[in-house]
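In what follows, a structure is listed as structure tokens, so that the remarks can point back to it.
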Amino acid sequence: MTPRDKVPFAGLNPERILDAVESLGYRSDGRLMALNSYENRVWQIGIEDAAPVIAKFYRPGRWSDAQIGEEHVFTAAMLADELPVVAPLVIAGKTLFVLGGFRFSVFPQQGGRAPEFAEPPILEWMGRLMARIHTVGAREPFSVRETLDIKNFGIESRDWLLANQVIPPELESVWQGVADQALEGVRHCFARAGDVQQLRLHGDCHAGNVLWTQDGPHFVDFDDARMGPAIQDLWMLLSGDAEEMGRQFGHVLAGYETFREFDDRELQLIEALRTLRLMHHSAWLARRWNDPAFPAAFPWFATNRYWEERILELREQIAMMAESAITVRQDW
């Protein structure tokens, strides 16, 4: 895996981080705490006589300024509708800044804990919130951010991994054959679902991006926002076997349809979207391997065992996509 770009975030040292925040008029007390983020670099920074702020430094080359701007417009629209999302602070009419070649934004600090998605009241609450987010997301489309589809997440991931010779040679042909079969299964799922609505999504709705307080959930990261079907923001709330997911989705749907109608055809897309996410994740790790944080955090990625497990995983997904969609249970 030969690095294609310079090492990202080289030179983003504590002094530069503090300089960036202080360039916006803050007076830091010098306290820095790194927050969990592989894609970007995120820091909590102490401010004299005020609450800390969160500074997010965007990965060079990932999003354009216009794409980041669309994310910020989306979160601002949700804030205007009084949704519990953490949006970048507007300073002198701007939300995106540059210092020393690094683009960054500043956010208010938001406390909370990770939610227990398996609990029915939490699933219903998340369903209500996602419906309200999707109501905002459906008002207008993104024009420059990506769409979650088979091309961007599946075909491009497969082709990049093969072109860059990431997969061990003795497993490459097997992986490619299984990946091709999986992509064909994805096509069939989308064909069964038909022409479903595309809207602006959170895009990465897992527990790590939700903070739960006594007032309920707060979304803290829209970095993966993109166009796609509503089910993308709902299936990641589910876990377990098909029966358990059907039960859980019944609770999600009970909350969701309080505010917005759900198109049942999108249930056909759950396993297809899971498959695309799995393929995209492998390509994401490979594309980021020149970032020193990735070999340290994912040492097993460059092993034969990793790819053997991905082959098995894709074979399981091929079988799952061939089965009927989950049956939503509302028998509580």
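Approximating the spin labels as points 7 Å out from Cα along Cα→Cβ, the ALA163-to-ARG192 distance works out to 3.2 nm. Mean residue ellipticity, 222 nm, helices only, the chain: the sum of -39500 (n - 2.57) across DSSP H runs of n ≥ 4, divided by residue count and rounded to 500, is -13000 deg cm²/dmol. Determine, from the Cβ-Cβ distance of LEU32 and TRP300 and an R0 of 25 Å, the FRET efficiency 1/(1 + (r/R0)^6), rounded to the nearest 0.05. Calculated value: 0.25. Scanning residues 5 or more positions from ILE47 or on other chains, those with amide H under 5 Å from its amide H are ASP29, VAL53, with H placed 1.01 Å from N in the peptide plane. Scanning the chain for helices, which whole DSSP H stretches are 18 Å or more long along the axis (Cα) and average 0.0 or more by Kyte-Doolittle? Both cut-offs are met by 65-80, 120-137, 270-287.
If the chain linking THR135 and ASN290 were pulled fully straight, counting 0.36 nm for each residue of separation and taking away their Cα-Cα distance, it would gain 51.9 nm. Compared with the alpha-carbon gap, the fully stretched path from ALA114 to ASP49 is longer by 20.6 nm at 0.36 nm per residue.
Could you tell me how far the Cα centroid of region 190-204 sits from the Cα centroid of region 1-62, in Å? Spelled out, the Cα-based centre of one part sits 34 Å from the other.
Rg/Rh for region 95-146 (Cα atoms only, Rh after Kirkwood) is 1.13. Full extension of the chain between LEU171 and VAL90 yields a length gain of 24.2 nm, computed as 0.36 nm times the residue separation minus the alpha carbon distance. Remark: spin-label model distance ALA322-VAL73 equals 4.5 nm, labels positioned 7 Å along the Cα→Cβ axis.
Per residue, the convex hull spanned by the alpha carbons of region 120-322 comes to 134 Å³. Please identify which residues in region 142-157 have an amide N closer than 13 Å to a label point set 7 Å out from the Cα of ALA242, following the Cα→Cβ vector. Label zone hits: none. Within 10 Å, at most 16 other Cβ atoms, and a DSSP state outside H, G, I, E, B define an exposed site. Report the longest part of the chain free of exposed GluC sites (Glu not before Pro). With GluC sites (Glu not before Pro) excluded where exposed in loops, the chain gives 117-256 as its longest stretch. Neighbour counts of C-beta atoms inside 10 Å place PHE294, PHE222 in the sequence PHE294, PHE222, starting with the fewest. Here is the list for region 128-208: trypsin sites (Lys or Arg not before Pro) lying in DSSP coil, each with at most 14 other C-beta atoms within 10 angstrom of its C-beta, are ARG139. With the contact rule set at Cα under 8 Å and sequence spacing of 6 or more, what percent relative contact order holds for the chain? Once normalised by length, the contact order is 21 percent.
Readers should treat all values here as calculations from the given coordinates under stated rules, not as data from a laboratory. Every value quoted in this text rests on a predicted model; they were computed, and no experiment measured them. Don't worry about glycine lacking a Cβ; one is built from the backbone with ideal geometry, like all the others, and counts go over all protein chains shown.
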